[in-house]
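Structure incoming, see below.
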Amino acid sequence: MLFIAMIISQVNLFPITFKLKNSFTIAYDSYDTALNLIVRLETKSGMVGWGNAAPDPHVTGETVEMAKEVLSAEIIPAVVGRDARALAEIYDINQQNAPQAPAARAAIDMALYDLLGQRAGLPLYQLLGFARPQILTSMTLGIASIEESVQQAQEFVKAGFRALKIKTGLDWEEDVERVKAIRAAAGSEIALRVDANQGYNVQQALDFIRSVESCRIEFLEQPTPAKNLNDLKLVRASSKIPIMADESALFPEDVFNLAAHGFADMVNLKLMKTGGITGAMQATAVAAAGKLPVMLGCNDESRISIAAAVHVACALPGVQYADLDGAFDIVDDVASGGFTVQDGFLVPSEMPGLGMKVKI
């Protein structure tokens, strides 16, 4: 069989500031825009793969400007001229050249997988594992008044979504009242998840947990500061609600540390933290070995990178949960396709690769 090389000829960068439909507040910041960096990767034969970086300075340590600089100075020069099928080699080279820029690396990595799927003639989720045809996603409620939160929760439920993630972390007592109100409004059949984004100390976290036990919370995400892993462990030891690590888990080695020392019950992985699809697969394998269930999460991101995460979530059996609503609040996204939404489930495209259409 003849294998035709897929030599990368050029990489183009498109920084875009997307407006959000609704302003959004979490424990450490508020947002009304989403800064993304879209990557167009082309081969000598004219094939095009798409990727996207959505850095979060609070988590990955990057801004869009930093990601663009790293891509231009370090990553693109090392990528152009290589065969796009050499995914593992390119991932390792980019990790060596830009270890502190996981979102920038993620954009290149997912574009390479997009090309690979196109060449194979398969949707990416089928190429990578085909664990499931769809996955349930949660919809996120930012920190707001009880009235606003209840109204938004009811709108999501009416739209067919079956899981809600409630942002907390500014005032645990107010958080308790808001969670109880959302549970009452959403009904007993809706899954509720909570994300404190590092907003509590140990005592506040435990007080919150005890106060919402009747609300049947699936899990509490990152209740304490990311670097204080012993605090996370203390909360986990006294909690009846499973504790999920997010900001404490960027790379596969972080996941190993969490599992080895019992710091958390579960882990939230994001392509922007792991350096892309390759890193997410590595981290998911580590989590599986450590018996940590995985949720695949996101930032506020273009449909390009959300589609990549949907394909990964449907490919890997170790991914049991999804929080992939980051594109739903984007105004005038340049991308379409990649996945559809059916009754609260994300269904990956059946087109080869990511199945994206991008107008830039």
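As I understand it, the value is the acute angle between the Cα axis of helix 229-238 and the longest principal axis of the Cα atoms of the chain; what does it come to in degrees, rounded to 10?
So the inclination is approximately 50 degrees.
What is segment 53-99's relative contact order, in percent, from Cα pairs under 8 angstrom and six or more apart in sequence? Can you show the working numbers first?
Details: 21 pairs, mean separation 14.1, N = 47.
Relative contact order comes out at 30 percent.
Starting from the coordinates of the alpha-carbon atoms of segment 124-222, obtain the Kirkwood hydrodynamic radius over all distinct pairs and give the value in Å to one decimal.
Working: mean 1/r = 0.0703 Å⁻¹.
Every distinct Cα pair counted, the radius reaches 14.2 Å.
Let me have the relative contact order for segment 212-360, percent, based on Cα pairs under 8 Å that are six or more residues apart. If you can, show how the numbers build up before the last one.
On the way: 256 pairs, mean separation 23.5, N = 149.
Relative contact order of segment 212-360: 16 percent.
A further question follows. List, in order, the whole-Hz ³J(HN,Hα) value for each residue of segment 204-217 obtained from phi through the Karplus relation with A = 6.51, B = -1.76, C = 1.60 and θ = phi - 60°; use x for Gly and Pro.
Going residue by residue, I get 4, 4, 5, 5, 4, 4, 4, 7, 10, 4, 6, 8, 6, 7 Hz, with x marking Gly and Pro.
Let me ask something additional. Pairs of alpha-carbon atoms within less than 8 angstrom and 6+ residues apart define the contacts here; what relative contact order does the chain have, in percent?
Details: 849 pairs, mean separation 70.9, N = 360.
Once normalised by length, the contact order is 20 percent.
Which links in K233/K273; K180/K291; K165/K357; K21/K167 stretch past 19 Å when you go from one Cα to the other? Don't skip to the end; give the middle numbers.
Working: K233/K273 22 Å; K180/K291 31 Å; K165/K357 29 Å; K21/K167 17 Å.
Checking Cα-Cα distances, K233/K273; K180/K291; K165/K357 exceed 19 Å.
Over segment 235-307, one equal point on each Cα, no solvent: what is log10 I(q)/I(0) by the Debye formula at q = 0.18, 0.21 Å⁻¹?
Normalising to I(0) and taking log10 leaves -0.64, -0.82.
Further question: What value in Å³ per residue do you get for the convex hull of the alpha-carbon atoms in segment 174-266? All intermediate terms of the calculation are to be shown ahead of the outcome.
On the way: hull volume 8.1 nm³, N = 93.
In segment 174-266, the Cα hull volume divided by residue count equals 87 Å³.
Here is a follow-up. Can you list the HN-Hα couplings for segment 144-157, worked out from phi with the Karplus curve (6.51, -1.76, 1.60; θ = phi - 60°), rounded to whole Hz and with x for Gly and Pro?
8, 5, 4, 4, 5, 5, 5, 4, 5, 4, 5, 5, 5, 5
Run the Debye formula on the Cα coordinates of the chain, all scatterers equal and no solvent, and tell me log10 I(q)/I(0) at q = 0.10, 0.11, 0.12, 0.14 1/Å.
-0.57, -0.69, -0.83, -1.12
For segment 171-217, would you read off the P(r) tail past 15 Å as a percentage of all alpha carbon pairs?
Details: 421 of 1081 pairs.
Every Cα pair in segment 171-217 considered, those over 15 Å come to 39 percent.
Next question. Rounded, prolate or oblate: which fits segment 8-121 when a ≥ b ≥ c are the square roots of the eigenvalues of the alpha-carbon gyration tensor, with rounded for a/c under 1.5 and prolate only if a/b beats b/c? Working shown, then result.
Values: a/c = 2.34, a/b = 1.71, b/c = 1.36.
Prolate.
May I ask you to order 276-282, 65-71, 44-50, 185-191 by the average number of other C-beta atoms within 10 Å around their residues, highest value first?
Details: 276-282: 24.7, 65-71: 20.0, 44-50: 16.9, 185-191: 14.1.
Highest-to-lowest ranking by the protection proxy: 276-282, 65-71, 44-50, 185-191.
To the nearest Å, what is the center-to-center distance of segment 129-158 and segment 72-118, using C-alpha atoms only?
Result: 33 Å between the Cα centres.
The numbers here are math on the coordinates, done by the rules we state, and not lab data. Everything numeric here is computed off the predicted structure, so don't read it as measured data. We place every Cβ from the backbone using ideal geometry, glycine too, and count neighbours over all the protein chains shown.
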